[in-house]
Every structure is written in C-alpha cells, then in structure tokens.
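Undergrad: My questions will all concern the structure given below.
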Amino acid sequence: MAALRRGVFGFRSFRLSSFLLNSSRQKVVSRDRVPFLFRCNYSKLALGIGTGLCAVPFSKKSEDLTHEALIKRAVSLVTNSANTYLSQTTLALVDTLTEYTKALYTLISIQKRYVGLIGKMNPNEEDAIWQLVIRSRVEVNEKQEDCKRFESNWMNAVNLSERAAEAAYVAGADQASVFARSHLQMSQTQVEEARQLSLKAERMLAEVQADEIRRTAQQAETSESAAGLEEEIPDAYLRED
C-alpha cells in the first residue's frame with residue numbers, strides 16, 4: 001500500500017513538473033529568476049518523481065516456490081541425511097570387522113604355535129600358552145559382539161537409504177535418487193569385502209582348531225600306549241624269574 005501511495009505521488013509530481021515546464025516555455029521564465037527556495041524544492045521534486053516510478057511493485061511467480069520444487073528440495077535433504085547415516089554406520093562396521101579379523105589371526109597364530117608344541121611342552125609352558133589362547137578368544141568374542149551391534153545399525157541405515165531413494169524417485173528428484181542408490185551400492189560393496197575377509201579368517205581358525213583336536217587325540221593315544229608298555233615290562237621280568 002505504501003508503495004502504491006509513492007507511485008501516485010510520483011505521478012502527480014510528474015504532472016506538476018510538466019505543467020511548470022509548459023508554463024516556463026510560455027512565459028519564457030529563466031531559472032535564475034525562480035526564487036531559491038522553489039529551486040531547492042524543484043530539485044527534490046524531480047528526485048521524488050524517479051523514486052516514485054521505481055517503487056511501483058510488480059508480481060512475478062517464482063518456479064522455486066511451487067509445491068513440486070519444495071517437495072524435491074525436502075526429499076533431497078532426506079536423502080542427504082540418509083547418506084550421512086549410512087556413511088557413519090558403514091565406517092563403524094568396516095572398522096569393527098577389520099579389528100575382528102585381526103583378532104582372529106592373532107588367535108590363529110597362537111593356536112598354531114600350541115598345536116606345533118603338543119607333546120613337547122612341560123606343564124608350565126603349556127599353561128602359559130593356554131592363558132594366551134584364553135585371552136585371545138575373549139578378545140575375539142568381544143569383537144564379534146561389536147560386529148553384530150554395528151551390523152544392526154548398518155542394516156537400519158540401508159533400509160532408510162532404500163526408502164529415501166525411492167521417495168526421491170517418486171518426487172521427481174532423479175539426481176538425489178541416483179546418488180542415494182549409488183552410495184548404497186558402494187556401502188554394500190565395502191561391507192561385503194570386509195565380511196569376506198573375516199569369513200576367511202574364521203575358516204582358517206576352524207581348520208586350526210580341528211588340527212588341534214586331532215593332534216591332542218593322537219598325543220593322548222601315544223601317552224596311553226607308553227603307559228601300558230611301562231606297566232607290561234615289570235610283568236615280563238617277573239615271569240622270567
């Protein structure tokens with residue numbers, strides 16, 4: 001409303017200025033003969049004319065404020081948040097799987113050493129190695145529990161990213177949808193690679209443990225045979241007497 005008033009004032013001022021100019025031409029009035037106060041007001045009047053004309057409001061509908069554009073913008077924010085959540089959970093899971101794999105290889109190394117020394121250790125040495133095995137197994141179990149916990153978070157992030165990508169596609173935000181799906185695929189690839197390494201270590205540990213059971217059984221049979229032979233020797237000497 002204020003802008004409209006300024007526009008009306010400018011138009012009236014323009015008419016007034018036109019009237020003054022026409023009058024000056026008819027009467028051939030020189031600007032020098034115009035009183036000083038009127039000349040000052042005349043300058044301000046000319047300035048007001050331009051100001052009034054520039055302040056006339058005009059309306060233009062912006063395409064960025066349509067419902068479709070606002071929905072696309074909102075769904076893009078959703079996909080960005082989902083991608084951030086997925087990145088954090090992926091990093092946590094991959095790091096935890098890596099630590100779990102390292103713990104598995106540490107346990108494998110200790111158990112291989114133990115298997116190689118079966119039947120060659122005294123009780124103190126055997127007890128010391130078993131303490132190492134127990135501590136390593138505890139660490140492996142802790143890392144495995146961490147993997148399960150972070151994997152649950154990661155699966156939630158995967159589901160959220162899939163829904164966000166679908167919502168972006170439905171809303172027409174194709175770029176956001178494509179980026180979300182690409183990010184999801186990259187995350188799944190990283191997790192799968194880390195998981196395969198941990199599975200490989202688990203298989204190696206299972207083989208070492210099976211070898212340990214076999215060697216322990218063989219050592220027990222050897223010990224029983226040796227003990228039985230020692231018991232039979234005195235009987236043989238007694239029969240010869």
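The values are calculated or read from the model by the stated rules, or taken from the named source; none is laboratory data. Just so it is clear, the model here is predicted, and its values are computed rather than measured. Please note: Cβ atoms are built from the backbone with ideal geometry, for glycine as well, and neighbour counts cover all protein chains shown. Calculation scope for accessible area: heavy atoms of the full protein, side chains included, ligands and nucleic acids excluded. Shrake-Rupley method; radii C 1.70, N 1.55, O 1.52, S 1.80 Å.
Undergrad: Would you list Leu160, Leu91, Leu86 from the most to the least accessible area, probe 1.4 Å?
TA: So the residues, ranked largest to smallest area, are Leu91, Leu160, Leu86.
Undergrad: Run the simple label-point estimate for Ile129 and Gln190 please: 7 Å along Cα→C-beta, distance reported in nm.
TA: In this crude spin-label approximation the distance works out to 4.0 nm.
Undergrad: Just reorder Phe179, Phe150 by solvent-accessible area, largest first, 1.4 Å probe, all chains present.
TA: I get Phe179, Phe150, largest accessible area first.
Undergrad: Among Met121, Met186, what's the order by accessible area (1.4 angstrom probe), most exposed first?
TA: In descending accessible area the options line up as Met186, Met121.
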